[in-house]
Amino acid sequence: MKLPNLILFDDAIIRGNLLPFTFSRPVADTRIGILTIREKWEHATENTASVLTENYLSKKYPLKKAATNLLVNASVLPDENLIKEIAALKVGESLVKEDVVIATVSKEVSLEKIASNKKKEYRNAIVQIKHPWDIFSKNEIAITADFNAIIKGRKSQKIDSTNHVLGKNIFIEKGAKVSCSVLNATAGAIYIGKDAEVMEGSLIRGPFALCEHSTLKLGSKIYGATTIGPHCKVGGEVNNSVIFGYSNKAHDGFLGNSVIGEWCNIGADSNNSNLKNNYANVKLWHYPKVNFVDTGLQFCGLFMGDHSRCGINTMFNTGTVAGFSANIFGAGFPRNFIPSFSWGGAHGFSTYSLQKAMETAERVMQRRGLKLDATEKEIWKSIFEETEKYRIRNAD
């Protein structure tokens, strides 16, 4: 499909709503379903996308302009009908849904300058990620759409006969290994990515996505709709959760109705609550309002930003938000909002120094053959400064 230069822009309000995950990435690189939102748009339009995001992220995520540009709201997921209507836009026109600008075609790459563009109302429903809990609550829709797009015209690797299989919507990519497990796709599709592995004794109920080079450990129990991003190791019990990538929950313990960023580690036998004892709606920390807001959900668990981790036997209350690079450990339940660069647990928190946090990240990333380069370190510094107001006190 021939479209103008594709740019996915951060809606400022949505970007704030999606913290802590957008501290370290544009909205477009949020993973939901099998693919990130950027990958969805690139697959749907056959274009390469750049992003319009925060200044401190722009060196890692550069903007690429052209004479004519298609700017798309990165919080909106693509579908076939939406792409058709976007393709019909002319220069100076915007496609909107109520108060949401979905896309605009413009020679300018400025959200302020395109505000006066002619508006065309989109009359169909859209799938939009407005809050962190949308990532898991809309994950079934996203897995189904991604699965259908990815497998179109392709053939799955043969399923090993040692597995017990229910349903037909199962796709196993080249190099993946699945043995002696139960794959139940009657309630939703199951996707196993390239060179991923499902170890013996795993019980999987779709919809489920295990992305490339990830491992499901022995005897894992997975309920849909769950996504495990690339280069992860996951075990224990997981229900309706999304793990972005390069993160580990390698041991027993429960993770439910949760979102885990990249480069996180959840210690052995750690658990989160996803339902209050009184069955009331769960309230969640909201960065822009600097307060807790009602999610409208009874089931809502843990939200952990990139590079955060917890020690063994950590217990998280219903609706806990842990920021970027927090280190959580010790007995008892830590508070429901753990600021970025926090060090401690239920007994209290101090500031996790920027230098020490980066040294830990460097060691973690080296194990995967990657490094924390100068650009990443500048991003860390910006996040540290931006989140200082949330911390109780600084470390010595």
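How large is the dipole of the chain about the Cα centre if only Lys and Arg carry +1 and Asp and Glu carry -1, each at its Cβ, rounded to the nearest 20 debye?
Rounded to the nearest 20 debye, it is 360 debye.
For 164, 286, what's the fewest-to-most ordering of other Cβ within 10 Å of each Cβ?
164, 286
Ignoring everything except DSSP H segments at least 4 long, calculate the 222 nm mean residue ellipticity for the chain; use -39,500 (n - 2.57) per segment, divide by total residues, nearest 500.
Result for the chain, helices only: -5000 deg cm²/dmol.
Which whole-Hz ³J(HN,Hα) couplings does region 51-62 yield from phi under the Karplus relation 6.51 cos²θ - 1.76 cosθ + 1.60, θ = phi - 60°, glycine and proline marked x?
Once θ is set to phi - 60°, the couplings for region 51-62 become 10, 10, 9, 4, 4, 6, 9, 5, 5, 6, 10, x Hz.
Too long at a 21 Å Cα-Cα cut-off: which of 65/152; 221/249; 40/168?
Beyond 21 Å: 65/152; 40/168.
Below 8 Å between Cα atoms, with a sequence gap of 6+, how large is the relative contact order for region 147-390 in percent?
9 percent
Cα to Cα, under 18 Å, and not fewer than 8 places away if on the same chain: which aspartates and glutamates meet these conditions relative to residue 158?
173, 195, 197, 200, 212
Which order do 360, 351, 162 fall in if you start with the one that has the fewest other Cβ atoms within 10 Å? Each step should come with its number before you reach the end.
Details: 360 17, 351 21, 162 10.
Fewest-to-most ranking of 360, 351, 162: 162, 360, 351.
Place the peptides 247-253, 377-383 in order of packing, highest mean first, counting for every residue the other Cβ atoms within 10 Å and averaging per peptide. It would help to have the intermediate numbers written out before the result.
Values: 247-253: 21.3, 377-383: 18.3.
Result, highest mean first: 247-253, 377-383.
So how do 3, 70 line up by other beta-carbon neighbours within 10 Å, fewest first? It would help to have the intermediate numbers written out before the result.
Numbers: 3 19, 70 22.
Fewest to most other Cβ atoms nearby, the residues stand as 3, 70.
Could you pull out every one of the aspartates and glutamates with an alpha carbon less than 16 Å from that of residue 371, ignoring same-chain neighbours closer than 8 positions?
262, 306, 359, 362
What is region 141-239's relative contact order, in percent, from Cα pairs under 8 angstrom and six or more apart in sequence?
It rounds to 20 percent for region 141-239.
Explain nothing, just the number: relative contact order of region 5-130, from Cα pairs under 8 Å at least 6 residues apart, as a whole percent.
Here the relative contact order equals 26 percent.
So which lysines pass the test for residue 283, namely a Cα distance under 23 Å, with those fewer than 8 places away in the same chain ruled out?
The reachable lysines, counting only those whose Cα sits under 23 Å from residue 283, are 130, 138, 389.
Tell me, what HN-Hα J-couplings in whole Hz come from the Karplus equation 6.51 cos²θ - 1.76 cosθ + 1.60 at θ = phi - 60° for each residue of region 3-18, using x for Gly and Pro?
10, x, 3, 8, 10, 9, 9, 7, 6, 4, 5, 5, 4, x, 4, 8
Quick one: work out the % antiparallel among DSSP beta bridges in the chain, nearest 5.
Working: 20 of 85 bridges.
Antiparallel bridges: around 25 percent, rounded to the nearest 5.
Non-local amide H neighbours of residue 242 (under 5 Å, H modeled in plane, Pro and chain starts lacking H): which ones?
Sorted by chain and number, the residues that satisfy this are 227, 258, 259, 260.
Go through (1) 24.1, 87; (2) 20.9, 61; (3) 20.5, 66 and flag the label whose value is the computed Rg and Dmax of the Cα atoms in Å for this structure.
The value computed from this structure is option (2).
Taken together, the values in this text are just the output of simple stated rules run on the coordinates, not laboratory data. Keep in mind that this is a model prediction, so the values were computed, not measured. Glycine gets a Cβ as well: all are built from the backbone with ideal geometry, and neighbour counts include every protein chain shown.
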